[in-house]
Structure formats: C-alpha cells, structure tokens
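Worksheet for the structure shown next.
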Amino acid sequence: MPDAVSDDGTEIDEFARLFTRFLERMQVSGQRSSRESLRDRLREHLGVDPEQVPVVSSSFPPYDLPNVQRAIEAWFDSFEVVGLAGSNRGHHSLGELLELAEYDRFGIGAVDYQRLQIDVDEEMDCVAFGFYLGVRGEDRYVALLRAANPQYGRSSVDLEILAVEKAAGDRFLGALPELIREHNVFRGKVVSFEGHEFGQGVGPFRLHPRPGITRADVVLPEGVLERIEREVVGIAAHRETLLAAGQHLRRGVLLYGPPGTGKTHTIRYVLSQLPEFTVVLLAGTSIHFISQACALARMLQPALVVLEDCDLVAEARDYSHGSENPLLFQVLNEMDGLAQDADVAFLLTTNRADLLEPALVQRPGRVDMAVEVPLPDAEGRGRLLRLYGPGLELPAELVDEIVEQTAGTTASFMKELVRRTVLLAAEAGQAPAADHLRAAVAELLSSRDTLTRRLLGATGGELRDGEVGAEGGPGREAGAGAEPGLAGPGGASGVLPRRGPMPGVYKGFIG
C-alpha cells in the first residue's frame with residue numbers, strides 16, 4: 001500500500017489549514033447577509049484594498065487612552081468610528097484582522113467603549129476597540145485604537161494606522177505627541193499612580209480634589225513655611241526672571257521630621273497655592289513609577305512631583321537585572337535627568353532622615369533644600385488646639401494646662417485629642433467642656449494608650465497613668481539640644497519600627 005503521507009507531515013498540515021478555513025467559512029456563511037464586511041468598508045473609505053496599504057503603529061501608557069483619543073480626533077478634519085463583530089478580535093493585529101476578514105470571519109459591529117475618570121467628578125467614554133475612518137486634507141486614514149488590557153497581556157494603549165502612503169501615516173504619528181500634550185485631560189490636575197493587580201505595569205490612575213488649605217491652617221515654627229514657599233512657590237512666581245538670569249527652575253525640597261508633625265499637611269497647603277500646577281503623587285513602593293511620573297511632569301509642566309515616605313525605598317533594590325543601587329538612586333537620577341529650564345518641583349518627605357542621608361550625599365545637587373518639620377513647641381500646641389477645636393470654648397488657662405501636659409506630642413496627637421473630647425461629650429449627652437478635654441488628655445496619656453501615642457507620633461516613651469513628658473525630658477521640644485531629623489540611640493524614634501516597604505497605595509493625602 002503506497003504511503004500517502006510525506007515524512008515531514010506537510011500534507012497533513014496543508015489539509016488541516018484548508019479544513020480550518022472551510023469550517024470558518026461555514027461558520028459565518030449564515031451571517032454574510034446580516035453584517036457589512038470589514039474589508040469592504042475599509043476599501044470603500046481608503047479607495048484601495050486595505051491589504052495593500054502600509055501599517056504604522058505606536059504604543060502609549062495605559063492611562064493615556066483619553067488623551068490619545070482626543071489627539072486622534074483633533075488630527076482629523078472629519079471622522080467616524082466603527083466597531084468590529086466577531087470572537088477573539090482583540091487577540092489579532094490589524095494585519096491579521098484584515099487577513100481573517102477575507103473569509104468573512106469579522107464584520108462591522110458596535111464600538112467597544114471604556115468609561116474612565118478624567119476629573120474628580122467627570123468621566124469620559126473612551127474607545128477601547130474601534131476603527132477611526134478619518135480624513136485630513138487629501139489623505140484618508142484608518143486608525144485602530146485599543147485600550148490596555150493587562151488581564152490578557154496588553155499593557156499599553158495601541159494605535160495602528162493605515163494610510164495609502166506611508167509618509168501620511170508617519171506624519172500622523174509624528175504629530176500625536178504634541179497633540180496629546182495640547183489636549184491632555186490631566187493638565188492642572190492632582191493624580192496618583194498605583195500598581196496593577198495583573199502585573200508590574202501602571203494600574204489605576206486616580207484623580208484627587210485639590211486641597212483648599214489656607215496659611216492659617218498650617219502651624220509651623222516661625223520661618224519654616226516661608227522657606228518652603230520661597231523655594232517652591234516663589235520660583236514658580238519668578239520663572240521668567242530666573243531664566244533670564246541663567247538660573248534653573250528644577251528644584252527639590254526634602255521635608256523631614258518625626259511622624260505626625262505635619263509634613264503631608266504642609267504639602268497640601270503648597271498644592272493649594274499652585275492651582276495651575278499638575279501634581280503627581282507617589283508614596284511608598286509606588287515610587288517605582290517615578291519614570292512615568294517624571295515623563296508626565298515634563299509634558300504637563302509647570303508640575304509638582306510629591307514623593308512621600310522616601311525612607312521606605314532608601315534601601316529597596318530596583319527590579320532591573322543586576323542593579324545594585326537602592327531604588328532611591330533611581331528617583332534621584334530621574335530628578336537629575338530633567339532639563340534645567342523644566343518648571344518641575346519635587347517635594348520629598350521622610351520620617352527617617354538618617355536613612356536618606358547616605359543616598360543624598362552620593363547624589364549631590366538633586367535636593368536643593370532640606371527643611372525640618374519638628375514637633376510643635378508650646379506655642380504651636382496651643383495654636384493646634386484652637387485650630388482643631390474651633391467649636392470648643394477654651395479659656396486661656398485651660399489651654400496652658402493642656403499645653404504643659406502634652407509636651408513631646410505631635411499635630412496628629414492634638415487633632416485626635418480634640419476629636420476624643422467631642423466624642424466623650426457626645427457619649428455623655430453634653431456639650432464639650434473642660435472636664436471632657438481633661439478626661440481625653442488623661443486617657444490618651446495613660447499607659448493603656450501607649451501604642452496609640454506612638455501611632456500618633458508622640459515621643460514621650462512608656463508613660464505611666466497620669467505621667468506626662470516634661471519639657472526637656474524624653475518628650476522634649478524639638479530643637480532642645482537634639483540633632484534634628486535623626487533617630488535616637490538604636491534608631492528609636494517613638495514609633496513602631498518598619499519591617500520593609502509598605503504597599504504603594506497612596507495614603508490619605510487629600511482626606
């Protein structure tokens with residue numbers, strides 16, 4: 001009996017290919033009259049067979065979908081958007097879709113949309129999978145726009161363009177970056193990056209309301225806030241004068257001090273004074289997205305990049321193969337890579353200046369100024385008590401009494417003290433009074449609330465019932481003989497020790 005199959009199996013492969021094509025034709029044969037052919041629609045628009053037209057393509061960050069869409073629509077003089085019907089269409093390139101469409105596997109269908117946040121209270125319906133049939137001048141285009149889908153391995157926004165002449169497609173792609181910058185929906189907004197649950201790529205891109213903090217809401221020692229304002233806000237206000245004098249605009253400011261002293265609150269105030277600035281927030285291990293943050297800041301300057309809790313990555317290693325440098329070095333290198341005339345400010349915060357100092361010394365010039373945000377002194381604690389309890393009627397002698405008892409505590413402690421006072425009064429069915437405030441102080445300073453005090457940043461150590469830190473004692477005022485910003489012997493700083501980087505979800509910055 002003759003052997004009907006070649007040794008390398010090519011005849012079987014060819015039979016399988018033909019049989020598969022036959023099944024595909026049979027599957028769609030009953031649908032031909034019910035939907036328009038993709039090839040016919042594209043041929044009608046372009047005036048030539050789409051298979052004969054060159055394809056040019058580009059990719060964009062996943063959060064840029066609304067900006068890419070706006071740029072595309074700004075490029076065309078006129079356009080319409082059509083979708084595609086057929087299973088598994090998202091797994092094929094444009095060229096593969098055209099080849100499969102020859103056998104009527106795909107036809108014109110509904111456009112896929114994805115609703116994305118473009119402002120705190122505004123969303124936009126973005127094309128997640130759709131063909132733009134557009135015209136600009138004498139040129140006709142087909143542009144396939146696809147959203148990122150990390151769940152299925154698509155980590156970027158993809159754009160594939162058909163144009164009768166490749167030069168026309170190149171002109172389109174060449175114009176997109178400027179159009180994206182011009183029509184960017186994130187300009188002047190406050191945004192934050194987070195990781196994606198399906199991989200290491202950029203995930204949710206969140207927008208936050210801009211804080212409305214006034215100068216009266218910030219309690220710092222005299223001269224501290226003025227230094228921060230001059231370096232961040234002042235440079236923005238005198239941009240042209242500085243450039244004319246040959247001075248750079250890029251700047252970095254480090255705010256350091258114990259937890260709970262108001263570093264984040266101070267940054268919120270700075271944001272309130274820069275309403276036209278685009279602000280990018282990174283905290284903890286989300287600082288891995290520093291490259292994307294700097295790229296966005298460069299595009300949308302004037303911009304402010306906020307890097308909270310930098311000490312969490314001071315010893316963390318980069319994911320790059322063979323890298324021996326802490327991730328913080330990558331942050332500092334990104335800062336140094338900005339152009340001298342880039343109107344981009346960096347605000348860094350840390351509770352552990354001792355961890356940051358070695359990296360900053362090895363990368364000089366990235367941070368222009370370090371400002372200590374210390375524990376509030378007696379005057380500051382009195383101001384905080386009145387600031388957080390405007391509805392409380394506090395006589396001067398009561399304020400002095402509470403201030404004396406709360407040496408070594410933080411702004412966060414004073415805020416919790418007022419809240420607990422109001423709560424105790426509410427439980428008693430009474431209006432807040434001096435007795436409720438005294439009871440709240442006694443409770444927070446008791447041994448039962450030792451951990452609470454530490455979580456609020458107080459530095460009074462292990463206090464017994466009724467015992468408080470005295471001025472100049474374990475809870476002494478910042479600056480009273482202690483080296484600012486550094487932990488005490490053995491690294492003790494009155495807070496729970498950290499065991500490693502925290503998750504990259506941005507902590508309640510705006511709340």
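The values are calculated or read from the model by the stated rules, or taken from the named source; none is laboratory data. None of the values given here were measured: they were computed from a predicted structure. Glycine also receives a Cβ, built like all others from the backbone with ideal geometry; neighbour counts cover every protein chain displayed.
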Inset, instruction - Tell me which residues, restricted to the stretch 129-155, are within 30 Å of the chain's Cα centre (by Cα), over 15 Å from residue 53 (Cβ atoms) and either crowded, with 19+ Cβ neighbours inside 10 Å or not hydroxyl-bearing (Ser, Thr, Tyr) (or both). - result: 129, 130, 145, 146, 147, 148, 149, 150, 151, 153, 154
Inset, instruction - Please find, within the stretch 365-407, the residue that is nearest to the chain's Cα centre (by Cα) out of those that are of a type in the set (D, E, K, R) and over 16 Å from residue 261 (Cβ atoms). - result: 366
Legend entry - Subset of the stretch 326-364 that is more than 23 Å from the chain's Cα centre (by Cα) and part of a loop (DSSP other than H, G, I, E, B) - its residue that is modelled with the highest pLDDT: 341
Inset, instruction - Scan the stretch 263-290 for residues that are part of a loop (DSSP other than H, G, I, E, B) and surrounded by fewer than 22 Cβ atoms within 10 Å (Cβ to Cβ) and jot them down. - result: 273, 274, 275, 276
Legend entry - Filter result for the condition that a residue is among the charged types (D, E, K, R) and over 19 Å from residue 180 (Cα atoms), over 51, 123, 73: 51
Inset, instruction - Go through the stretch 298-311 and count every residue that is part of a helix (DSSP H, G or I) and touching a Ser or Thr at 6+ places or on another chain (Cβ under 7 Å). - result: 2
Inset, instruction - Go through the stretch 51-82 and give me each residue that's assigned to a helix (DSSP H, G or I) and of a type in the set (A, V, I, L, M). - result: 65, 68, 71, 72, 74
Inset, instruction - Scan the stretch 86-128 for residues that are assigned to a strand (DSSP E or B), in contact with a Lys or Arg (Cβ under 8 Å, 6 or more places away or on another chain) and touching a residue at least 24 places away in the same chain (Cβ under 8 Å) and report the count. - result: 8
Inset, instruction - Considering each of 361, 367, 399 in turn, give the residue that is in the same structural domain as residue 256 (by TED's automatic domain parsing), β-branched (Val, Ile, Thr) and free of Cβ contacts under 8 Å to residues at least 24 places away in the same chain. - result: 361
Legend entry - Yes/no for residue 176 being in contact with a strand residue (DSSP E or B) (Cβ under 6 Å, 6 or more places away or on another chain) and not hydroxyl-bearing (Ser, Thr, Tyr): no
Inset, instruction - Mind listing whichever residues of the stretch 408-437 are among the aliphatic types (A, V, I, L, M) and within 31 Å of the chain's Cα centre (by Cα)? - result: 411, 414
Inset, instruction - Taking residue 260 as meeting all but one of (1) of a type outside the set (A, V, I, L, M); (2) surrounded by 20 or more Cβ atoms within 10 Å (Cβ to Cβ); (3) in a loop (DSSP other than H, G, I, E, B); (4) at pLDDT 90 or above, write down the number of the exception. - result: (4)
Inset, instruction - Pick out the one residue from 220, 249, 207, 300 that is touching a strand residue (DSSP E or B) at 6+ places or on another chain (Cβ under 6 Å) and buried (at least 20 other Cβ atoms within 10 Å of the Cβ). - result: 300
Inset, instruction - State yes or no: is residue 74 at negative phi and crowded, with 19+ Cβ neighbours inside 10 Å? - result: no
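Which one is farthest from the chain's Cα centre (by Cα), of the residues in the stretch 82-111 that are charged (D, E, K, R) and buried (at least 17 other Cβ atoms within 10 Å of the Cβ)?
104
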Inset, instruction - Select from the stretch 19-48 the residues that are at pLDDT below 75 and of a type in the set (A, V, I, L, M) and write down the one among them that is surrounded by the most Cβ atoms within 10 Å (Cβ to Cβ). - result: 28
Inset, instruction - Taking only the stretch 89-107 into account, find how many residues are at pLDDT below 80 and small (Gly, Ala, Ser). - result: 2
Inset, instruction - Could you tell me whether residue 450 is closer than 15 Å to residue 385 by Cα, at pLDDT 80 or above, β-branched (Val, Ile, Thr) and assigned to a helix (DSSP H, G or I)? - result: no
Inset, instruction - Among the numbered conditions (1) assigned to a helix (DSSP H, G or I); (2) at positive phi; (3) not β-branched (Val, Ile, Thr), tell me where residue 246 comes up short. - result: (1)
Inset, instruction - Would you check if there is a residue in the stretch 170-182 being assigned to a loop (DSSP other than H, G, I, E, B) and either at pLDDT below 90 or surrounded by fewer than 17 Cβ atoms within 10 Å (Cβ to Cβ) (or both)? - result: no
